[in-house]
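Here's the structure, in structure tokens; my notes come after.
The values are calculated or read from the model by the stated rules, or taken from the named source; none is laboratory data. Owing to the predicted nature of the structure, the values given are computational and were not obtained by experimental measurement. Please note: Cβ atoms are built from the backbone with ideal geometry, for glycine as well, and neighbour counts cover all protein chains shown. Side chains included, ligands, DNA and RNA excluded: accessible areas come from the protein's heavy atoms. Shrake-Rupley method; radii C 1.70, N 1.55, O 1.52, S 1.80 Å.
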Amino acid sequence: MDSALYQNYLEILRQELVPALGCTEPIAIAYAAAKARELLGEFPDSMEMKLSGNIIKNVKGVTVPNSGGQKGIETAAVLGLVGGRADKALEVLEEINQVHIRRARKLVEDGICSCALAENVPNLYISAKAIKDGHCAEVVIAGQHTNIVKMEKDGKILFQKDIRTADPDKEADKSRLTVKDILDFADQVQIEDISEIIEQQIRLNTAIAQEGLDNNYGAQIGKTLMHVWGKGVTTRACARAAAGSDARMGGCSMPVVINSGSGNQGITVSLPVIVYAEEWEVSREKLYRSLVVSNLVAIHQKYYIGSLSAYCGAVSAACGAGAGITYMYGGSCHQVSLTIINTLGNVGGIVCDGAKPSCAAKIASSVDAALMAFHLSIQNKSFLPGEGIIKGDVEETIKSMGYIGRVGMRATDTEILNVMIDRANINQDC
């Protein structure tokens, strides 16, 4: 592998595998609100939020971390106003305390924050406008959860950039990802280049999974699986990933290392690989290299799907985990590719209806499918080209699934939101 490609893959891991506190969509709202307050220079009398449908979808049903169990857009925005630290980005609510929670609750009740659907904007779009005594400051985030594309104060644009324009000095090129090169990179990467990144993922994501198993969050998917399915390695892989999501969707304030901008995807892509490494007693180095595979395979798929869509990211993340486990087992490039193909041919296209407790169940189902795909692949069994969306090779299959997620499910995404916010007349249309 040439040095430029090596550095590009390393930079992808550095940019993508970062810690976040709670579900990334409400956290992004809190970040935008905190940044708008900072730009205004004083505490506002009112706050106006304009959000894309996908942001609304992913905030509506999830508990905001450090909120005392509260949910919703207004809670996330006002907590960001009251006690958010914009300099901490996706850990913006880390220092929220009971005083902040009480004040935010009162301000929400008093109606300080209004929310509206933004039309004809990117799937990930947040506009936060802070207003006081005729002065206003607006911060716009688009494309990625901390990607500020515009800052404006009292009608004067202080900063603006095109969302489609990447900074070549800062942005790694995900278009250069391929399964073959991912495996080559995993084989060749110097452990000292990845150990800090990967070890943080292992430590933080393992901790929140244990929290989900030890306590009662959401529908308790992880705990239930351990109770009814026994304690075999397949169950543990599904249950620990689900338990991490149970805790995270239930408002647990512990951070996770994300993947593709999502904590649930970061949990899904890592915990099954960690469980199998423990079961097989592999070396730490082998675990690191396997997690490199799982993370990059998931990011590779999401490059084509997009950050937010009607396509459930648990599938692409579990697919990455399956690939990482196949690699850890000693599978060839062909067998890793079959694991990806078999997973996508099975559960590709599970819909995303927002962040909420049932995400843990979708994670468990997706991991189970990825593990079945692994067992098929090591016997060189797979779904064949022409069967459904399966194409002639793994790269074309990944692209076909990406096309379905980004383009084919666009109308589905709109109708899911309409159902969620009661804009669809389901009794008439059914």
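Being of a type in the set (Ser, Thr, Tyr), over 23 Å from the mean Cα position of the chain (by Cα) and more than 18 Å from Val273 (Cβ to Cβ) narrows it down to one residue among Thr178, Thr224; which is it? Please lay out each step first, then the result.
Details: Thr178 fails: over 23 Å from the mean Cα position of the chain (by Cα).
It is Thr224.
Is it the case that Ile131 is over 23 Å from Ile27 (Cα atoms) and in a strand (DSSP E or B)?
No.
Let me spell it out: the conditions are (1) in contact with an Asp or Glu (Cβ under 7 Å, 6 or more places away or on another chain); (2) open to solvent by 20 Å² or more (accessible area, probe 1.4 Å), and Ala355 meets all of them except one. Which number is the exception?
Checking Ala355 against (1) in contact with an Asp or Glu (Cβ under 7 Å, 6 or more places away or on another chain); (2) open to solvent by 20 Å² or more (accessible area, probe 1.4 Å), the one that fails is (2).
If you go through the range 362-380 one residue at a time, do you hit one that is touching a Lys or Arg at 6+ places or on another chain (Cβ under 9 Å), open to solvent by 40 Å² or more (accessible area, probe 1.4 Å) and under 28 Å from Val62 (Cα atoms)?
No: zero hits.
If I filter the range 134-165 down to residues being in contact with a Ser or Thr (Cβ under 8 Å, 6 or more places away or on another chain) and assigned to a loop (DSSP other than H, G, I, E, B), which single residue comes out as most open to solvent (accessible area, probe 1.4 Å)?
Applying the filter and picking the extreme gives Gln144.
For the structure I just gave you, tell me whether Val179 is at pLDDT 95 or above, open to solvent by less than 80 Å² (accessible area, probe 1.4 Å) and closer than 30 Å to His300 by Cβ. Full working, then the answer.
Values: at pLDDT 95 or above: yes; open to solvent by less than 80 Å² (accessible area, probe 1.4 Å): yes; closer than 30 Å to His300 by Cβ: yes.
So Val179 fits the description; yes.
Considering only the range 350-379, how many residues are more than 14 Å from the chain's Cα centre (by Cα), outside any helix (DSSP H, G or I) and closer than 12 Å to Asn264 by Cβ?
Final tally of qualifying residues: 2.
Which one of Ile208, Ile197 is aliphatic (A, V, I, L, M), open to solvent by less than 10 Å² (accessible area, probe 1.4 Å) and touching a residue at least 12 places away in the same chain (Cβ under 8 Å)?
Testing whether each residue is aliphatic (A, V, I, L, M), open to solvent by less than 10 Å² (accessible area, probe 1.4 Å) and touching a residue at least 12 places away in the same chain (Cβ under 8 Å) leaves just Ile208.
Can you name every residue in the range 306-343 that is aliphatic (A, V, I, L, M) and either surrounded by fewer than 24 Cβ atoms within 10 Å (Cβ to Cβ) or over 25 Å from Glu25 (Cβ atoms) (or both)? Outline the logic, then answer.
Our first condition is that a residue be aliphatic (A, V, I, L, M); within the range 306-343, this holds for 308, 310, 314-315, 317-318, 321, 323, 325, 328, 336, 338, 340-341.
Listed by number, the residues that qualify are Ala323, Ile325, Met328, Val336, Leu338, Ile340, Ile341.
Would you tally the residues in the range 95-128 being under 28 Å from Met254 (Cα atoms), open to solvent by 50 Å² or more (accessible area, probe 1.4 Å) and in a strand (DSSP E or B)?
Residues meeting the conditions: 1.
How many residues does the range 69-101 hold that are charged (D, E, K, R) and closer than 18 Å to Met49 by Cα? Full working, then the answer.
Restricting attention to the range 69-101, the residues satisfying the condition of being charged (D, E, K, R) are 71, 74, 85, 87-88, 91, 94-95.
Filter once more, keeping what is closer than 18 Å to Met49 by Cα: 71, 74.
Selection size over the range 69-101: 2.
Does Lys170 qualify as being modelled with pLDDT of 95 or more and either open to solvent by 60 Å² or more (accessible area, probe 1.4 Å) or polar (S, T, N, Q) (or both)?
No, not satisfied.
Please list, ordered by first then second residue, the pairs with beta carbon atoms under 6 Å, 6 or more apart or interchain, first in the range 390-409 and farther than 14 Å from Cys312 by Cβ, second of a type in the set (D, E, K, R) and open to solvent by 70 Å² or more (accessible area, probe 1.4 Å).
Thr397/Lys391; Ser400/Lys391
For the range 232-344, list the helices (runs of 4 or more DSSP H) that sit wholly inside it and hold at least 1 residues that are without any contact (Cβ under 8 Å) to a residue 12 or more places away in the chain and β-branched (Val, Ile, Thr); which are they?
Details: elements: 233-249, 263-280, 284-305, 313-329.
Ranges flagged: 233-249.
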